[in-house]
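In what follows, a single structure is set out as structure tokens and then discussed.
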Amino acid sequence: MRNAPLFLAVIAFAALFGSGCAGPEQKLGRGLSNTFEIVRMGEFRRSIEQSEVFDPGTGYTTGAIIGFDRSMARTGLGLYEVVTFPIPSYGPELTDYLAPKPVFPESYKPGRFGDRLFDTDTFTGFSGGDVVPFIPGSRFNVFDN
């Protein structure tokens, strides 16, 4: 009987975190997405593009520095959200500096993968969606309507 309170505490703790709350799941997903910003380089590419559009001639210098800073901030925020996902608050953090969702350059908006999982025209071999969305600069779409 000495182990009963400890056993009940472990069961209550497991029930608290395993009850299907959407908050921790969303925070963990957002954190993982932000953590991989350093690989995706969306903030970097967008900052270079926006710097060149609004102040021509400085895109590759100032834009690269701003993009690097924003990429590091998003990666750090992602690591913070991954580590603290079971702890409330579950809303997005630092929204005055970074957008809650990952950003892309204005010249490229990725779609979903063009494969049999998402497309219904699998028997004929033709389908829509991005061909290689994980390669930066890939803008080739099949049957983009």
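Quick note: the coordinates plus some simple rules give every number you see, no bench work behind them. Values in this document were obtained by computation on a predicted structure and should not be read as measured data. Using ideal geometry, Cβ is built from the backbone for each residue, glycine included, and neighbour counts are taken over all protein chains shown.
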Legend entry - From phi via Karplus (6.51, -1.76, 1.60), per-residue ³J(HN,Hα) for the range 75-90 in Hz, x at Gly/Pro: 5, x, 4, x, 5, 4, 5, 5, 5, 9, 5, x, 9, x, 8, 9
Inset, instruction - Grab the beta carbon distance between LYS101 and THR61, set R0 = 22 Å, and tell me the FRET efficiency rounded to 0.05. - result: 0.20
Legend entry - In sequence order, calculated HN-Hα J values of the range 64-71 (Karplus, 6.51, -1.76, 1.60; Hz; x Gly/Pro): 5, 5, 5, x, 5, 4, 5, 5
